[in-house]
Each structure stands twice: as structure tokens, then as C-alpha cells.
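Below: one structure, written as C-alpha cells.
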Amino acid sequence: DLVQRCVSMLSYDEGGASVHSKLTNALETTKKDLTEIPPDERAEPGQSLSSEQWQTNSDLQRMRLAHKTMIRLFERLLEAVCSDPRPQCPVTLDDIPIERTCILTCCGVVVDAIIVPQLTNQRCPACRKSLKEGVLRVSQAVEVIQKAQPPPKPKPDKQAEPRAPVVPVGDVDALIAAYKSKEGLSCK
């Protein structure tokens with residue numbers, strides 16, 4: 001759902017919207033969505049959280065983390081595409097031309113593409129995490145954003161499958177009940 005939301009934010013087009021306006025809109029929308037995530041559930045003094053409350057809190061924390069990551073990525077893309085003067089590479093200390101601008105996905109640091117293969121042990125110069133997490137070339141991201149089309153609206157399905165019920169971790173009876181509730185399935 002989050003990926004679809006991200007695609008739809010970047011695909012909006014108000015009369016040929018620029019990359020800057022698409023990124024700005026996506027950033028504002030993501031920040032608004034982050035503020036709408038409900039707070040974690042709290043246990044009463046002297047009591048602990050139930051497994052369902054714990055799972056809900058875990059899901060909410062993952063949602064917050066995903067939104068914060070999207071915000072950081074949109075901010076870095078805006079900085080890389082629209083800043084004047086150009087961002088500087090923390091390794092070479094030179095301005096980075098747009099065609100060589102990369103964002104390391106581990107922490108969002110903006111670097112020059114020519115230094116990426118030369119980094120010691122293929123680790124980020126800012127946070128020291130492995131670059132296996134990924135390197136985003138800003139020029140490719142800009143092309144994708146410029147070509148982005150709104151996602152097709154799903155066709156209404158007469159027999160749309162209902163969403164599976166959320167089953168608390170460790171609740172075997174609830175898991176069996178959820179499995180039995182699915183039509184055509186048998187449970188032994």
C-alpha cells in the first residue's frame with residue numbers, strides 16, 4: 001500500500017507539473033501522512049501490553065519508519081535536483097554535476113558517482129553501512145518521475161477477496177479460526 005501511495009504522489013500532474021513540484025507535493029503529503037499515524041498504545045501502570053497491542057505498536061513503528069525514510073529520500077532528491085549551488089560530494093569536496101549525482105540509500109548522503117566504485121570495502125563514507133542497500137542515481141530517478149503516470153485504477157472485482165484478519169503473534173486459536181474462515185480451505 002505504501003509503494004502505491006508513493007507512486008500516486010509522484011504521478012500527480014497538474015498541467016505538466018515539474019519534477020520540483022512533484023517532489024514538493026510528495027514530501028508535503030508524506031509529512032501529512034506521518035502526522036496522521038496514531039500514537040502507540042500504552043499499557044496501564046503495573047500491566048503489560050497484550051500480544052495484539054504489541055503487534056499493533058510494532059506495525060505503527062514500521063509505518064513511521066517507512067514514512068520517515070520516504071521523507072528523507074524526497075528531501076535528498078529535492079536537494080540533488082533543485083539546489084543552487086550544486087551539492088558537494090563529502091569525499092571529493094567538489095560540486096556534483098546532476099548527471100553524476102547519487103544518493104546512498106543507507107543514510108541519504110549525496111555523493112559523486114565516480115567515487116562509488118572506489119569506496120573502501122564498499123561502505124558508505126557517512127554511516128559506514130554496506131552499499132549493498134543501494135545507490136540511487138538521481139538522473140534515473142528524475143527520468144522516472146518525469147515519465148510517471150498515475151497508477152491505473154483497479155477494476156472493481158465482483159468477487160473481491162476480503163482482507164485476511166490480523167492474527168496476533170502466538171495466538172494459535174485465532175490463526176486456526178482465520179484459516180477456517182477462508183472459503184474452500186480446510187484445516188486439520
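The values are calculated or read from the model by the stated rules, or taken from the named source; none is laboratory data. As the structure is a computational prediction, the values presented were derived from the model and not from experiment. Cβ coordinates were reconstructed from backbone atoms using ideal geometry, including for glycine residues, and neighbour counts include every protein chain displayed. Accessible surface areas use protein heavy atoms only, side chains included; no ligands, DNA or RNA. Shrake-Rupley method; radii C 1.70, N 1.55, O 1.52, S 1.80 Å.
Net charge near Asn121, counting Lys/Arg +1 and Asp/Glu -1 over other residues with Cβ under 15 Å of its Cβ?
On the way: positive: Arg123, Arg128, Lys129, Lys132; negative: Glu133.
That works out to +3.
Note down the net charge around Pro97, summing +1 for each Lys or Arg and -1 for each Asp or Glu among other residues with Cβ under 15 Å from its Cβ. Could you put the intermediate results ahead of the total?
On the way: positive: Arg86, Arg100, Arg137; negative: Glu79, Asp84, Asp94, Asp95, Glu99, Asp112.
It works out to a net charge of -3.
For Asp94 and Ala177 in one chain, what is 0.36 nm times their gap in residues minus the Cα-Cα distance, to one decimal in nm?
Numbers: separation 83, 0.36 × 83 = 29.88 nm, distance 6.14 nm.
Stretched fully, the Asp94-Ala177 segment lengthens by 23.7 nm.
Return the subset of Lys68/Lys132; Lys32/Lys132; Lys22/Lys132 for which the Cα-Cα distance in this structure is over 23 Å, preserving the input order. Present the calculation step by step, with values, prior to reporting the outcome.
Numbers: Lys68/Lys132 20 Å; Lys32/Lys132 31 Å; Lys22/Lys132 28 Å.
With Cα atoms farther than 23 Å apart: Lys32/Lys132; Lys22/Lys132.
Grab the other residues whose beta carbon is less than 12 angstrom from that of Val169, score K and R as +1, D and E as -1, and report the net. List each step's numbers first, then the result.
Details: positive: none; negative: Glu52, Asp59, Asp171.
Cβ neighbours under 12 Å give a net charge of -3.
Taking a probe of 1.4 Å, how large is the accessible area per residue of segment 13-152, in Å²? Present the calculation step by step, with values, prior to reporting the outcome.
Numbers: 8520 Å² over 140 residues.
Computed with neighbouring chains in place, this is 61 Å² per residue.
Over segment 34-156, what is the relative contact order in whole percent, taking alpha-carbon pairs under 8 Å and six or more residues apart?
Values: 125 pairs, mean separation 21.6, N = 123.
RCO, segment 34-156: 18 percent.
When each pair of different Cα atoms in segment 58-146 is counted once in the 1/r mean, what is the Kirkwood radius in angstroms, to one decimal? Present the calculation step by step, with values, prior to reporting the outcome.
On the way: mean 1/r = 0.0736 Å⁻¹.
It is 13.6 Å.
What FRET efficiency do you get for Asp84 and Arg123 if R0 is 45 Å and r is their Cβ-Cβ distance, rounded to the nearest 0.05? Could the numbers behind the result be given before it?
Values: r = 30 Å, r/R0 = 0.68.
The pair Asp84/Arg123 has a calculated efficiency of 0.90.
Given points 7 Å out from each Cα along the Cα-Cβ axis, report the Glu36 to Glu143 separation in nanometres with one decimal.
3.4
Between Glu44 and Met63, what is 0.36 nm times their sequence separation minus the Cα-Cα distance? Round to one decimal in nm.
4.4 nm
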